[in-house]
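Read through the structure below, which is laid out as structure tokens, and then see the notes.
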Amino acid sequence: MTYSVSSEMSRLVATVKREQAPAGSWRYPFETGISTDAYMIILLRTLERNDQDLIRKLVERMESR
């Protein structure tokens, strides 16, 4: 069983690396709007994570769309 888990993890890591853009991001069709960024901000606020730099970057990205 350990071998199958390890081989599946390796397969998934290879898939993620293959789909990664040269700039380091991933582009999937379900990420076309600002909803994902908005939900992330809501989640950060709900969890009381005060990562102002990340929130500012998310807001800037939302404003640019």
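I'm trying to understand the selection: among the residues of region 39-65, which are free of Cβ contacts under 8 Å to residues at least 24 places away in the same chain and in a loop (DSSP other than H, G, I, E, B)? Talk me through it step by step, then tell me what you get.
If we filter region 39-65 for residues that are free of Cβ contacts under 8 Å to residues at least 24 places away in the same chain, which is where we start, we get 39-60, 63-64.
Within region 39-65, L47, E48, R49, N50, D51, S64 meet the criteria.
Could you please give the count of residues in region 15-65 that are surrounded by 10 or more Cβ atoms within 10 Å (Cβ to Cβ) and hydroxyl-bearing (S, T, Y)?
Going through region 15-65 one residue at a time, the tally reaches 5.
So which residues in region 14-38 are part of a helix (DSSP H, G or I) and in contact with a Phe, Trp or Tyr (Cβ under 9 Å, 6 or more places away or on another chain), if there are any at all?
Within region 14-38, the first condition is being part of a helix (DSSP H, G or I), and the residues that meet it are 14-19, 35-38.
Matches in region 14-38: V16, E19, T36.
Rule-based calculations on the coordinates, nothing more; no lab input. Since this is a predicted model, take the numbers as computed values, not measurements. Cβ coordinates were reconstructed from backbone atoms using ideal geometry, including for glycine residues, and neighbour counts include every protein chain displayed.
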